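Take a look at the structure set out below.
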Amino acid sequence: MLTLVYDTETLGLKINFHEVVELGAVMIDGEAPNQKIIGTFQCYVRPDHPENAHPKALAVNGLSLDMLAKKGLDKQDAYQKFADWINDLSGNKNTKVETVCCNKVFDVPRVEAEMEELGITIPWNYRFRWDVKDMARIFAPGVGNSLQTLCKHFNIPYLNAHRADVDAEMTAKVWMRLENLRYHLYQILSKTQS
């Protein structure tokens, strides 16, 4: 089984107004307790409307409009590169993978809307969209559900947050810990019921 963990950085918080300017992702292979990271992805996206950038968003993610203009790919190329990376790792353009985010109500609609608008086939399974925040409420109740809090709880070094590739990697590590908790709980419950 393949699990795609991805994150975005944007020019602000308004979903239909502020553009995605960085995509970061991690691909996980296997199921708990034998999951492993098999690839990482990072790409800057050149904004079509840099004038809409919110100064606080740029301050938080540390990106600059000048850098994005120079290093960012246009949207079509960036999202196609993302889809190609997923398809290359899946080994089959017809294989669908499940997805995980650390705020799916923010990231998923943006990325899927952009890909659909650009005519790029979304290479993951629509039915399986997970959020580490939801899983944390179930398998680590009372801990909190911010990425920083979850990393601290699971003894995962909290690196430079608010960069898409780094946040995706930390989210993947939290996800694998939560999946291991779920797996072990299932094992315990299975033994008590037999």
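Any idea how far the Cα center of the stretch 151-194 sits from the one of the stretch 7-33, in Å?
Between the Cα centre of the stretch 151-194 and that of the stretch 7-33, the gap is 18 Å.
Arrange the residues R46, R163 by how much accessible surface each exposes, largest first, with a 1.4 angstrom probe.
Putting R46, R163 in descending order of accessible area: R46, R163.
Report the net charge of residues surrounding P157, where surrounding means a beta-carbon distance below 12 angstrom and charges are Lys +1, Arg +1, Asp -1, Glu -1.
+1
Per the Kirkwood definition applied to all pairs of different Cα atoms, how many angstroms is the hydrodynamic radius of the stretch 14-88?
In the stretch 14-88 this quantity evaluates to 13.9 Å.
Looking only at the stretch 24-124, where both bridge partners belong to it, what percent of the DSSP beta bridges are antiparallel (to the nearest 5)?
About 75 percent, rounded to the nearest 5.
Where does the Debye-calculated log10 I(q)/I(0) of the stretch 1-129 sit at q = 0.14 Å⁻¹, using only Cα point scatterers of equal weight, no solvent?
With one equal scatterer per Cα and no solvent, log10 I(q)/I(0) is -0.61.
With charges set only on the Cβ (+1 for Lys and Arg, -1 for Asp and Glu), what does the dipole of the chain come to about its Cα centre, in debye to the nearest 20?
The calculated dipole for the chain is roughly 740 debye.
Just reorder H18, H153 by solvent-accessible area, largest first, 1.4 Å probe, all chains present.
H153, H18
Quantify, in whole percent, the carbon and sulfur part of the accessible surface of the chain (1.4 Å probe; protein heavy atoms only).
C and S fraction of accessible area: 52 percent.
Could you give the semi-axes, largest first, of the ellipsoid that matches the stretch 111-194, computed as the square roots of 5 times the alpha carbon gyration tensor eigenvalues and rounded to whole Å?
Listed largest to smallest, the semi-axes of the stretch 111-194 are 28, 20, 10 Å.
So what is the accessible area of the chain per residue, in Å², with the probe set to 1.4 Å?
Here the residues of the chain average 52 Å² of exposed surface.
May I ask for the net charge around V45, where only other residues with Cβ less than 14 Å from the Cβ of V45 are counted and Lys, Arg are +1 while Asp, Glu are -1?
So the surrounding residues net to -4.
Near K191, which aspartates and glutamates are there with a Cα under 17 Å away, not counting those fewer than 8 places off in the same chain?
none
From the convex hull of the Cα coordinates of the stretch 153-194, what is the mean projected area in square nanometres?
3.2
Heavy-atom accessible area of M1 with all protein chains present, probe 1.4 Å, nearest 10 Å²?
Near enough 100 Å² of accessible area.
Roll a 1.4 Å probe over the protein heavy atoms and report the accessible area of W85 in Å², nearest 10.
In the full protein context, W85 sits at about 40 Å².
Expressed in whole Å with the largest first, what are the equivalent ellipsoid semi-axes of the stretch 53-194 derived from the C-alpha gyration tensor as the square root of 5 times each eigenvalue?
31, 22, 12
Please tell me which of these pairs span more than 22 angstrom C-alpha to C-alpha: K14/K75; K14/K56; K71/K104; K152/K173?
K71/K104
The values are calculated or read from the model by the stated rules, or taken from the named source; none is laboratory data. Just so it is clear, the model here is predicted, and its values are computed rather than measured. Positions of Cβ are backbone-derived with ideal geometry, glycine not excepted, and every protein chain shown enters the neighbour counts. The area values use the complete protein model at the heavy-atom level, side chains included, leaving out ligands, DNA and RNA. Shrake-Rupley method; radii C 1.70, N 1.55, O 1.52, S 1.80 Å.
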